[in-house]
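The values are calculated or read from the model by the stated rules, or taken from the named source; none is laboratory data. Everything numeric here is computed off the predicted structure, so don't read it as measured data. Neighbour counts run over all protein chains shown; Cβ positions are idealised from the backbone, glycine included.
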């Protein structure tokens, strides 16, 4: 089988690539533009694997994408996306180009070349915000609350339109917040861990009472593997970790793990349109594909804290911007 994984140098994509190559003898192409969150060091351990090919390119570049699809792609797993809400509030244009137009380019190429599966990686944020009770199901109305989630909603609708119009075998997955190794350190958990290690302030939006459902990235990879092989085309599958936590409680737990004082916590002005709560009902995935998350949050968080403690050179280069200078020089001629 030949897989095209887009955005494979990012957090979830790189974990997925390592997982798949550890389990199957597949040929795997990684197409990544290497924007701010893309980091090839995430894939150092498999960079010389003959089953793995990296292509530096943009999913919105039709010529680049068409050339890749001439290589008999069987399955597309589309991770490539601009994903930080704060950045989408500052500049929504790049989110529309990558998340909507880029997805269209991939869908069109997949249709022309007859791929067997197209897995569109989405997010629970397309459902909007929940109050203190209830859960998002696959039937929940789409109600995005930020330019980021609106762009992902548009991509989901476009993907499903390709299933309905062209019978393209599209499957959409919507996951809750991921955590684990190699996550870009502007996201909540790695930001708090790395700032605490450096004894820097830990910025917490508002009162810190926003609730998220947390899913270990390894459990997400297992779920995606099942969906790719056994999921039904034209379906949406929610992937949740059953680990709802208030942001402030996560921050305090991280400080406790590191033996750091809570005086490092700094409450900052809340961001516009900050959703109160996300919570996923993954019953459909559990019943149809017999998937269950295996990581208890406390164990997963402890392992994640330890990983960032043991891999400080990796995130220090990201925080300093050194990794970006390297890629800019490497691909300056393109």
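In the stretch 40-58, the count of residues that are within 18 Å of the chain's Cα centre (by Cα), closer than 18 Å to residue 155 by Cα and at pLDDT 95 or above is one or more. Scoring residue 209 on the criteria (1) touching a strand residue (DSSP E or B) at 6+ places or on another chain (Cβ under 6 Å); (2) farther than 30 Å from residue 312 by Cβ; (3) modelled with pLDDT of 95 or more; (4) surrounded by fewer than 18 Cβ atoms within 10 Å (Cβ to Cβ) leaves a single failure, condition (3). Residue 128 passes every criterion in (1) modelled with pLDDT of 95 or more; (2) surrounded by 14 or more Cβ atoms within 10 Å (Cβ to Cβ) apart from (1). As for the stretch 179-200, it holds no residue that is surrounded by fewer than 21 Cβ atoms within 10 Å (Cβ to Cβ), touching a helix residue (DSSP H, G or I) at 6+ places or on another chain (Cβ under 9 Å), without any contact (Cβ under 8 Å) to a residue 60 or more places away in the chain and part of a strand (DSSP E or B). When restricted to residues that are modelled with pLDDT of 95 or more and either surrounded by fewer than 14 Cβ atoms within 10 Å (Cβ to Cβ) or within 15 Å of residue 8 (Cα to Cα) (or both), the stretch 72-92 contains 7. Inside the stretch 1-54, can you point out the residues that are free of Cβ contacts under 8 Å to residues at least 24 places away in the same chain and not in a helix (DSSP H, G or I)? 24, 47, 48, 50 - these are the residues of the stretch 1-54 that are free of Cβ contacts under 8 Å to residues at least 24 places away in the same chain and not in a helix (DSSP H, G or I). Looking only at residues of the stretch 99-114 that are more than 13 Å from the chain's Cα centre (by Cα) and buried (at least 24 other Cβ atoms within 10 Å of the Cβ), we find that the one that is farthest from residue 168 (Cα to Cα) is 102.
Only a single criterion out of (1) out of contact with any strand residue (DSSP E or B) (no Cβ under 7 Å at 6 or more places or on another chain); (2) crowded, with 17+ Cβ neighbours inside 10 Å; (3) closer than 14 Å to residue 179 by Cβ is not satisfied by residue 296, namely (2).
Considering the stretch 247-288, the residues that are part of a strand (DSSP E or B) and modelled with pLDDT under 95 include one that is surrounded by the fewest Cβ atoms within 10 Å (Cβ to Cβ), namely 268.
Would you pick out the residues in the stretch 264-281 that are farther than 10 Å from residue 129 by Cβ and in contact with a strand residue (DSSP E or B) (Cβ under 7 Å, 6 or more places away or on another chain)? Within the stretch 264-281, 264, 265, 266, 267, 268, 270, 271, 279, 280, 281 qualify.
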